[in-house]
Amino acid sequence: MPAILDDISAEILDLKKKIGATILAHYYQEGEIQALADITGDSLKLAREATKVDSPVIVFCGVLFMAETAKMLNPAKKVLLPDLQAGCSLVDACPADKLERYQERLRANGHKFQTVCYINSSAKVKALSDWVVTSGNAEDVVRNKVPQGYEILFVPDKHLGAYIKDVTGRDMILWDGSCMVHEIFSLGDLLKMKKQHPAAKTIAHPECPANILGHADFTGGTEAMIKHVGSFTAPTEFLVATEANMMWELQRRFPQHTYLGVPGVSCSCNKCPHMARNTLEKVRDCMKFGKPEVLWQPEFDKAKEVLARSLLNPPVAVTPVVEDHPHGD
Ligand code: SF4
């Protein structure tokens, strides 16, 4: 690590002690941020771990909907997000007012349905839903928690929805949203890589389109992918069809294997530009200045109930804290 980054990392570790912070980082953050985190994980793991944090401050290195989730599950804690503009194309694809109108139309047309939303959605969308899922528990919720006899309106990721519909056979209506990172993986590039590395195993995230998943040896959410790779003892090549920073964690845990990012190591279009807004400097500054902070929003009250019963087992009681300002910066 260059000396300047070493200095910033040292400052971050000092500040962490000074303000009593726990750093949570998503696997899609740059390796230098993950290296400083107390906990790394996918959305499901981070949401669950956030409820076990003792410190008064959580620094959430990820995107806004994730930090909001941490706040909803920890109303009394101060949740800092290094860059409040860190959004998500899936959140943008499903505005709450549009979803509400669509739900009303479905009801008026006699549909009996429950709404299942991917965690990559706004708090208002979560509040309009019956269940919130991650790629790690979507199959279980759709299979076992949504009562039979109901259609499922799945928002906002059409690719994850199509995958879950395929594996569960449930009757699902899919919202037309997608992740800008997984959406652009090219089948041509993947097939070229498979030809160049015939022994390699392809692992893919279910946010990828069906044409990519059709050529994967394993499809699963981030934690499932880690578990799958961990089941190989002999050195193996993996073609990884998900956000490229994920390979940092795979390399750290299972260094005996070789990881090649799809569409290719020379291209950085498989990195999420929203996640990339968080830098070491911004992590340091949010701890130094106590902002940007994610503050309680009115829609969090309903959204947290849906979140808690969907993701926490057993559900954790969360008591709201009322604050009178919108998101701080
Ligand atoms: S990788 Fe895709 S789903 Fe994840 S935060 Fe970025 S845009 Fe959203």
Legend entry - DSSP bridge pairs, the chain: antiparallel proportion in percent, nearest 5: 5 percent
Inset, instruction - Distance from a point 7 Å along Cα→Cβ of residue 194 to each backbone N in the range 202-242: keep the residues under 18 Å and list them by number. - result: 202-220, 237-242
Inset, instruction - Compute the relative contact order of the range 1-154 as a whole-number percentage, counting only Cα pairs closer than 8 Å that sit 6 or more residues apart in sequence. - result: 16 percent
Legend entry - Space enclosed by the convex hull of the alpha-carbon atoms of the chain, per residue, Å³: 135 Å³
Legend entry - Spacing of the two label points (7 Å from each Cα toward its C-beta) at residue 276 and residue 228, in nm: 2.6 nm
Legend entry - Projected area averaged over orientations for the range 6-45, convex hull of C-alpha atoms, nm²: 2.9 nm²
Inset, instruction - Using Cα positions and a limit of under 17 Å, work out the aspartates and glutamates in reach of residue 194, with same-chain residues fewer than 8 apart set aside. - result: 217, 237
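Counting only helical runs of four or more DSSP H residues, what would the 222 nm mean residue ellipticity of the chain come to if each run contributes -39,500 (n - 2.57) and the total is spread over all its residues? List each step's numbers first, then the result.
Values: 15 runs with 129 residues, N = 329.
The helix-only estimate for the chain comes to -11000 deg cm²/dmol at 222 nm.
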Inset, instruction - Considering only lysines 8 or more places apart in sequence, or on different chains, count the pairs in the range 1-98 whose C-alpha atoms sit under 19 Å apart. - result: 14
Inset, instruction - Write out the trypsin sites (Lys or Arg not before Pro) in the range 1-67 meeting two conditions: DSSP loop, and at most 11 other Cβ atoms within 10 Å of their Cβ. - result: 52
Inset, instruction - Mind putting a number on the dipole of the chain about its Cα centre? Charges go on the C-beta only, +1 for Lys and Arg and -1 for Asp and Glu, and I need it in Debye to the nearest 20. - result: 560 debye
Legend entry - Computed label-point distance, nm, for sites residue 109 and residue 217 using a 7 Å Cα→Cβ extension: 4.3 nm
Inset, instruction - For the range 1-143, give the magnitude of the charge dipole about the Cα centre (Cβ charges: +1 Lys/Arg, -1 Asp/Glu; no others), in debye to the nearest 20. - result: 780 debye
Legend entry - Percent RCO, i.e. relative contact order, over the chain, from Cα pairs under 8 Å lying at least 6 residues apart: 22 percent
Inset, instruction - Within 10 Å, count the other beta carbons around each residue, average over each peptide in 23-35, 179-191, and list them highest first. - result: 23-35, 179-191
Inset, instruction - Give me the number: length gained by fully extending residue 100 to residue 301, i.e. 0.36 nm times residue separation minus the C-alpha to C-alpha distance, one decimal in nm. - result: 70.6 nm
Legend entry - Per-peptide average of other Cβ atoms within 10 Å, ordering 282-291, 299-308 highest first: 299-308, 282-291
Legend entry - Mean separation of Cα contacts under 8 Å, 6 or more apart, over the residue count of the range 177-250: relative contact order %: 36 percent
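We did not get these values from a lab; they are worked out from the coordinates using the rules stated. These numbers come from a predicted model, not from an experiment. In this analysis, Cβ positions are derived from the backbone assuming ideal geometry, glycine residues included, and neighbour counts consider all displayed protein chains.
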